[in-house]
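Step one of this worksheet: look at the structure below.
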Amino acid sequence: MRRIKIAVLGTRGFPDVPGGVEKHCQELYPELVSMGCKVTVFTRRPYIPSEKRLKNWKGVSFIHLWCPRIKSLEAVFHTFIGMIFSFCINPDIIHIHAVGPSLFTPLAKIAGFKVVVTNHGPDYKREKWGKIAKLVLMAGEMLSAKFADKMIVISKGIKRDIERNYGRRDIIRIPNGVHLPGIISPGKTLKKYGLKERGYIFTACRFVPEKGVTDLIKAFGKLDSPDYKLVIAGSADHETSYSRTIRTLAGQTEGVVLTGYVSGKELGELYSNTGLFILPSYYEGLPIALLEALSYSLPVLVSDIPQNREVPLENCRYFRPGDIEELAEKIDQLFKKGIDKEERKKYYRLIKDRCNWKTIASKTFSEYRKLIS
């Protein structure tokens, strides 16, 4: 059978570029290549160091396009340029990720392309956007719901909102996923940051307000001389007053370790050896970081928001978002509690059955085939 040609827009690029959409695409497209797709991803050059601007990775081809590294302009500018370059490769399908880039769904349709959109969540709810940017993002969501040939969402909540707001009833839910990892023994990474096995709590995220990182640092600061550290892996795409506040608070709070953005084996070692993973977000799509933590069979503590509730945890593992006192109490309680065998088995089955990337890629491939048949 002829290979299906896919052009991908809406991601900064990969491998090892921070971001939920980037992680999603990094895992999804090599699987689709193995199933018979020819995939070309348009990346944003400012996020790909010159020495890492590969032409091909795991069968995925890249076209690296310049864009301004200005948070309110880069996605829209890059998607428009990518749409023009798509004429050069003549894909069967353009697959757009996220609501901002989806603003150009009608343009792609007018140009004669078949369009698949994956809605990773209502980005206009993120605090970092101003009023005009939020209106543009809302327009992108609306236009994709009205004009995309196929619409994929990553969670039940997003599906419910699109159905209610725009009356679309043929939405396909395909969640985020993770690979079942190999556990990495304590080694160079723990030594580098002065950490002990099961001697720290851990989170991994970007430094943006909706991730609640300052709440976590403040809650940790309320603990009475804990014999464990708080490790925060992450960074900011664009330096802001919020990211500077995180660094200031971390410097003022004993026991806080900022690692910057980490990936690969270094990230795997931090996951493998933590005593408690924490996700204090105010907003998520479907959090890959939480799924990754569960894939390592870790005890977790997460904010009680609808997106986190889609992952069936024990009730004790939720806290009210923004409640620093409760967060502090639960950190100490759950760090000591750990995780029992039954809970580990539950999470293993969840990841294996519902969040497997091969299954996710297979469902996506099926939708591609239906669209071009």
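Would a scan of the stretch 147-162 turn up a residue that is of a type outside the set (A, V, I, L, M, F, W, C), farther than 29 Å from Ala328 by Cα and without any contact (Cβ under 8 Å) to a residue 24 or more places away in the chain?
yes
Among the residues of the stretch 273-292, how many are aliphatic (A, V, I, L, M) and out of contact with any Leu (no Cβ under 8 Å at 6 or more places or on another chain)?
3
Any idea which of (1) surrounded by fewer than 20 Cβ atoms within 10 Å (Cβ to Cβ); (2) polar (S, T, N, Q); (3) under 30 Å from Lys150 (Cα atoms); (4) without any contact (Cβ under 8 Å) to a residue 60 or more places away in the chain is the one Asn308 doesn't satisfy?
Result: Asn308 passes all but (1).
Going residue by residue through the stretch 326-340, is there one that turns out to be in the same structural domain as Ala219 (by TED's automatic domain parsing), assigned to a helix (DSSP H, G or I), closer than 24 Å to Pro181 by Cβ and among the charged types (D, E, K, R)?
The answer is yes, given that some residue of the stretch 326-340 is in the same structural domain as Ala219 (by TED's automatic domain parsing), assigned to a helix (DSSP H, G or I), closer than 24 Å to Pro181 by Cβ and among the charged types (D, E, K, R).
So if I check each of Lys358, Lys345, which one is part of a helix (DSSP H, G or I) and either surrounded by 16 or more Cβ atoms within 10 Å (Cβ to Cβ) or free of Cβ contacts under 8 Å to residues at least 12 places away in the same chain (or both)?
Lys345
Would you tally the residues in the stretch 236-262 being under 24 Å from the mean Cα position of the chain (by Cα), in a helix (DSSP H, G or I) and without any contact (Cβ under 8 Å) to a residue 12 or more places away in the chain?
Here the count works out to 3.
Say we look at the stretch 311-325 and pick out the residues that are crowded, with 18+ Cβ neighbours inside 10 Å and in a loop (DSSP other than H, G, I, E, B); which of these is modelled with the highest pLDDT?
Among them, the one singled out is Pro321.
Under the condition of being in a loop (DSSP other than H, G, I, E, B) and of a type in the set (Phe, Trp, Tyr), which residue from the stretch 263-299 is surrounded by the fewest Cβ atoms within 10 Å (Cβ to Cβ)?
Among those residues, the one meeting the criterion is Tyr282.
Suppose the filter is free of Cβ contacts under 8 Å to residues at least 24 places away in the same chain and among the aliphatic types (A, V, I, L, M); does Ile201 pass it? First the steps, then the outcome.
Details: free of Cβ contacts under 8 Å to residues at least 24 places away in the same chain: no; among the aliphatic types (A, V, I, L, M): yes.
It is false that Ile201 is free of Cβ contacts under 8 Å to residues at least 24 places away in the same chain and among the aliphatic types (A, V, I, L, M).
Within the stretch 281-304, track down each residue that is at pLDDT 95 or above and of a type in the set (Val, Ile, Thr).
Val300, Val302
So which residues in the stretch 117-127 are in contact with a helix residue (DSSP H, G or I) (Cβ under 7 Å, 6 or more places away or on another chain) and touching a residue at least 40 places away in the same chain (Cβ under 8 Å), if there are any at all?
Asn119, His120, Gly121, Arg126, Glu127, listed by residue number.
Given the residues Thr189, Thr203, which is the only one that is among the β-branched types (Val, Ile, Thr), under 22 Å from the mean Cα position of the chain (by Cα) and under 25 Å from Glu269 (Cα atoms)?
When all the criteria are applied, what remains is Thr203.
Would you confirm whether any residue within the stretch 233-243 is under 21 Å from Tyr318 (Cα atoms) and either outside the structural domain of Lys330 (by TED's automatic domain parsing) or of a type in the set (Ser, Thr, Tyr) (or both)?
No, because not a single residue in the stretch 233-243 is under 21 Å from Tyr318 (Cα atoms) and either outside the structural domain of Lys330 (by TED's automatic domain parsing) or of a type in the set (Ser, Thr, Tyr) (or both).
Of Ile48, Ile81, Ile96, Ile89, which residue is surrounded by fewer than 21 Cβ atoms within 10 Å (Cβ to Cβ), in the same structural domain as Ile154 (by TED's automatic domain parsing) and under 30 Å from Ala233 (Cβ atoms)?
Ile48
The values are calculated or read from the model by the stated rules, or taken from the named source; none is laboratory data. Computed from a prediction, not measured in an experiment: that's the story for all the values here. Please note: Cβ atoms are built from the backbone with ideal geometry, for glycine as well, and neighbour counts cover all protein chains shown.
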